[in-house]
């Protein structure tokens with residue numbers, strides 16, 4: 001079929017994805033934003049019907065036919081478009097019926113950023129709850145036999161024959177020391193569930209300054225910690241020590257992965273505070289929220305663990321326990337907040353959101 005000779009030049013400038021459809025359902029035109037969203041060129045898209053692009057295209061077919069039959073002038077709705085081997089698209093769709101028999105339908109697709117954010121937050125919260133249950137159960141299962149192992153090693157040490165005490169005591173001490181090391185790990189896993197939530201007035205900049213002083217004391221040269229504070233942020237009710245620990249865990253991780261930058265003298269961590277407005281956390285809408293960023297210029301988080309960094313015992317650093325971020329997320333969630341992360345080489349940004357009064 002010969003394509004109508006019509007110019008779509010004006011649509012090329014739009015930031016939202018636009019498709020113009022022929023009466024047979026084939027794509028006559030896709031603007032650059034649509035090419036980017038659908039990950040195909042205009043030339044390739046023109047060989048497909050709209051319903052061939054998605055696995056769940058029945059709803060699109062219905063809307064397309066309604067537009068062809070001029071049952072509406074325009075129609076808007078939110079959709080999740082499933083794609084083979086790729087992430088589904090969360091979009092807000094606007095379908096316009098055109099007064100052109102050859103090109104009867106114009107479809108605009110806008111990525112539904114808010115829905116994506118809500119889905120991501122819901123996954124983080126569900127993940128964190130599952131982590132807490134797993135940690136609690138696992139820690140208790142480990143804790144009981146550990147005491148027995150340590151006690152048995154101590155009793156065995158007392159029964160060692162005198163002529164072999166020196167060489168055999170080395171082995172019993174290994175058992176005792178390793179049991180103590182595991183006990184310390186278990187105590188850290190259980191710490192957020194044991195410690196009392198001591199609530200008082202919290203000034204977030206006092207928290208940041210405390211963290212800054214601790215990091216500077218450990219890394220006195222080669223690391224710059226830049227403050228970027230909004231001093232208008234009000235105090236809020238919270239557990240100051242828990243928040244210090246949460247921010248310190250993130251900042252300390254950042255300082256450790258900056259080791260090569262510290263040696264060359266260009267390592268930087270930014271502590272930035274802002275107020276976020278109209279924030280939704282755990283499906284609850286808040287008028288104001290603390291928006292705290294801990295940003296470093298390090299190598300970034302390895303892509304294969306970016307979705308799992310808040311899981312217990314997951315670490316992107318040799319020798320890391322994988323507990324720092326898990327505990328930080330737990331402490332922030334106890335303040336009805338959430339930690340998010342975006343990372344690429346040269347910039348890792350941990351964002352802490354906590355509701356404000």
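Checking 271, 243 one by one, the residue that is within 18 Å of residue 326 (Cβ to Cβ), touching a helix residue (DSSP H, G or I) at 6+ places or on another chain (Cβ under 6 Å), crowded, with 18+ Cβ neighbours inside 10 Å and in contact (Cβ under 8 Å) with a residue 40 or more places away in the chain is 243 and no other. Going through (1) out of contact with any strand residue (DSSP E or B) (no Cβ under 6 Å at 6 or more places or on another chain); (2) more than 18 Å from residue 110 (Cβ to Cβ); (3) at pLDDT 85 or above one by one, residue 28 falls short only on (1).
Checking the structure you have, find out if any residue of the stretch 50-58 is in the same structural domain as residue 89 (by TED's automatic domain parsing) and modelled with pLDDT of 90 or more.
Just the residues of the stretch 50-58 that are in the same structural domain as residue 89 (by TED's automatic domain parsing), to begin with: 50-58.
Adding the requirement that they be modelled with pLDDT of 90 or more leaves none.
Scanning the stretch 50-58 turns up no residue that is in the same structural domain as residue 89 (by TED's automatic domain parsing) and modelled with pLDDT of 90 or more.
If you filter the stretch 76-108 down to residues that are assigned to a strand (DSSP E or B) and in contact with a helix residue (DSSP H, G or I) (Cβ under 6 Å, 6 or more places away or on another chain), you find that the one that is modelled with the lowest pLDDT is 90. Whether a residue is surrounded by fewer than 17 Cβ atoms within 10 Å (Cβ to Cβ), within 21 Å of residue 112 (Cα to Cα) and modelled with pLDDT of 85 or more was assessed, and residue 35 passes this test. Checking residue 265 against (1) farther than 20 Å from residue 202 by Cβ; (2) in contact with a helix residue (DSSP H, G or I) (Cβ under 6 Å, 6 or more places away or on another chain), only one condition comes out false. Which one? That leaves (2) as the condition not met.
Scanning the stretch 274-300 for residues that are within 20 Å of residue 327 (Cβ to Cβ), surrounded by fewer than 19 Cβ atoms within 10 Å (Cβ to Cβ) and modelled with pLDDT of 85 or more gives a single hit, 293.
Any residue that is assigned to a helix (DSSP H, G or I), under 32 Å from the mean Cα position of the chain (by Cα) and under 20 Å from residue 102 (Cα atoms) - is there at least one of those in the stretch 57-70?
Applying the first criterion (assigned to a helix (DSSP H, G or I)) to the stretch 57-70 yields 58-68.
Right, trim to under 32 Å from the mean Cα position of the chain (by Cα) and you get 59-60.
Checking which are under 20 Å from residue 102 (Cα atoms) leaves us with 60.
Yes: the stretch 57-70 contains one or more residues that are assigned to a helix (DSSP H, G or I), under 32 Å from the mean Cα position of the chain (by Cα) and under 20 Å from residue 102 (Cα atoms).
Taking the stretch 206-224 as the range and being within 21 Å of residue 264 (Cβ to Cβ) and within 26 Å of the chain's Cα centre (by Cα) as the test, the residues that pass are 215, 223, 224.
The values are calculated or read from the model by the stated rules, or taken from the named source; none is laboratory data. On a predicted model such as this, the values are computed, not experimentally measured, just so you know. Every residue, glycine among them, receives a Cβ derived from its backbone with ideal geometry; neighbour counts consider all protein chains shown.
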